[in-house]
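Asker: This is the structure I have questions about; it appears just below.
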Amino acid sequence: MRLTVAQLAERIGAELVGDGSAQIGAVGPVEAAGESDVTFIKARERYGGYSGALTDVKHIAELEKSRAGAVIVAERIKGLGKPQLVVKSVDAALIEALKVFVPKLKAAATGIDPTAQVGRDVEIAEDAVIGPGVVIDDGVRIGENSIIASGCRIGENSRIGKNCRLDSNVVVYHNCVIGDNVIVQANSTIGSTGFGYSFIDGTHKLIPHNGGVIIEDFVEIGANCCIDRAKFGNTVIGAGTKIDNLVQIAHNVLIGKCCLIVSQVGISGSCKIGDGVVLAGQAGLADNIEIGGGTIVGAQSGVIHDIAGGQKVLGSPSLDAREFFRTISSMRRLPKLAEQLKQISKRIERLESAKDDKE
């Protein structure tokens, strides 16, 4: 699809500054965008988010060198020689622009592929899509407009709501519940047995995990994630939570609403995570801890104790962000302090030696 700059401005709710006649066919980053691309610019905040406002002359210099046909900005840039699409939120406008230019892929055919295997007492909505090689066990329910892509396996008595998408080779074990508007990307596993053992008579014996998993509405789960079933009760992923690739969530974990869990995070058993928590890449949580709502856990942090809501923690073991930065600053001074201590020790030795000579 190609639109004029003026048409794109209308589609994303932007104020057009400059000529709107150029044709736009894609979205591109500022350094690589061509004349038929729209680009965007926004300023980074301290903790990895984006403010949406232009605060840095470096960004303006990048725009001036860019070949982009137009740019989405949060405030008008004086003297910039290309059309500007001025919006309240660059992030929101970028999402809408990407939707406009999303690649048009072949739509999956509704119905059940002839190669799929469907068990007894299964209910599948008429407009659902069941792809090649899918295996659906007895007692499964699949809602309206849901897509179960090739190679998926849905275990006995599991429930999948409406408008869901399970990409290729997703496995949902028995007695799991997936809500509405959920996305699970390829090769993820939901409802596998948790890693719980007791050491009895000289050997590790697996503790039965008879509970399930509940994935609430509007959750998105990346590729190659594992969400273990509970020993009893349910492992729960709260509505609106987004999970990146390669994340491990152990048995009986309770995750609140609208959390962000970034790649390679590991959450141990029976942790409780409040609403709006951010766990950055490779963060690790020990078992049976509670993270209060709105907390941000920095990348590679190791959390071994409860954290109150609204905190920002870094490091392993995790510390309050301000304390962490003070600690790092002190560590950087250690070599100099060690040299100073060495010199002081030498002076003390000389003074004591001189004192001994006088005596």
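The values are calculated or read from the model by the stated rules, or taken from the named source; none is laboratory data. Fair warning: this is a prediction, and the values are worked out from it, not measured in the lab. Ideal geometry is used to build each Cβ from the backbone, glycine not excepted, and the neighbour counts take in all protein chains shown.
Asker: Output yes when any residue across the range 313-330 is in a loop (DSSP other than H, G, I, E, B), at pLDDT below 95, outside the structural domain of residue 234 (by TED's automatic domain parsing) and out of contact with any His (no Cβ under 9 Å at 6 or more places or on another chain), and no when none is. Step through it out loud before you land on a result.
Answerer: Looking only at the range 313-330, we keep the residues that are in a loop (DSSP other than H, G, I, E, B), and these are 315-318.
Those left that are additionally at pLDDT below 95: 315-318.
Narrowing further to those that are outside the structural domain of residue 234 (by TED's automatic domain parsing): none.
No; the residues of the range 313-330 include none that is in a loop (DSSP other than H, G, I, E, B), at pLDDT below 95, outside the structural domain of residue 234 (by TED's automatic domain parsing) and out of contact with any His (no Cβ under 9 Å at 6 or more places or on another chain).
Asker: Okay, next question. Could you grab the pairs with beta carbons closer than 7 Å, sequence gap of 6+ or different chains, first residue in the range 224-252 and over 13 Å from residue 193 (Cα atoms) and touching a residue at least 60 places away in the same chain (Cβ under 8 Å), second one surrounded by fewer than 21 Cβ atoms within 10 Å (Cβ to Cβ) and hydrophobic (A, V, I, L, M, F, W, C)?
Answerer: 239/218; 245/223
Asker: Another question, then. Does the range 167-184 contain at least one residue that is out of contact with any Pro (no Cβ under 7 Å at 6 or more places or on another chain), crowded, with 18+ Cβ neighbours inside 10 Å and either touching a residue at least 60 places away in the same chain (Cβ under 8 Å) or over 21 Å from residue 124 (Cβ atoms) (or both)?
Answerer: Looking for residues that are out of contact with any Pro (no Cβ under 7 Å at 6 or more places or on another chain), crowded, with 18+ Cβ neighbours inside 10 Å and either touching a residue at least 60 places away in the same chain (Cβ under 8 Å) or over 21 Å from residue 124 (Cβ atoms) (or both), one finds at least one in the range 167-184, hence yes.
Asker: Considering only the range 136-159, state which residues are within 27 Å of the chain's Cα centre (by Cα) and not in a loop (DSSP other than H, G, I, E, B).
Answerer: Within the range 136-159, the first condition is being within 27 Å of the chain's Cα centre (by Cα), and the residues that meet it are 142-155, 158-159.
Matches in the range 136-159: 142, 147, 148, 153, 154, 159.
For every residue, the table says whether it meets (1) at pLDDT 90 or above; (2) crowded, with 18+ Cβ neighbours inside 10 Å; (3) among the acidic types (Asp, Glu); (4) under 29 Å from the mean Cα position of the chain (by Cα).
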| site | (1), (2), (3), (4) |
| --- | --- |
| 7 | yes, no, no, no |
| 19 | yes, no, yes, no |
| 30 | yes, no, no, yes |
| 48 | no, no, no, yes |
| 72 | yes, yes, no, yes |
| 76 | yes, no, no, no |
| 79 | no, no, no, no |
| 83 | yes, yes, no, no |
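Asker: Restricting attention to the range 160-192, and to residues there that are of a type in the set (S, T, N, Q) and in a strand (DSSP E or B), which single residue is farthest from residue 216 (Cα to Cα)? Explain how you work it out, then say what you get.
Answerer: Initially, the range 160-192 is screened for residues of a type in the set (S, T, N, Q), giving 163, 168-169, 175, 181, 185, 187-189, 192.
Subset that is in a strand (DSSP E or B): 189, 192.
Values: 189: 16, 192: 18 Å.
Filtering first and then ranking leaves 192.
Asker: Can you tell me which residue among 126, 75 is of a type in the set (Asp, Glu) and over 30 Å from residue 173 (Cα atoms)? Lay out the reasoning, then the answer.
Answerer: Values: 126 fails: over 30 Å from residue 173 (Cα atoms).
On inspection, the qualifying residue turns out to be 75.
Asker: Now, a different point. Report the residue count in the range 260-305 for those that are assigned to a loop (DSSP other than H, G, I, E, B), charged (D, E, K, R) and either crowded, with 16+ Cβ neighbours inside 10 Å or in contact with a helix residue (DSSP H, G or I) (Cβ under 8 Å, 6 or more places away or on another chain) (or both).
Answerer: If we filter the range 260-305 for residues that are assigned to a loop (DSSP other than H, G, I, E, B), which is where we start, we get 262-265, 268-271, 274-277, 280-283, 286-289, 292-295, 298-301, 304-305.
If we keep only those that are charged (D, E, K, R) too, we end up with 275, 287.
After this cut, where a residue has to be either crowded, with 16+ Cβ neighbours inside 10 Å or in contact with a helix residue (DSSP H, G or I) (Cβ under 8 Å, 6 or more places away or on another chain) (or both) as well, the list is 275.
Going through the range 260-305 one residue at a time, the tally reaches 1.
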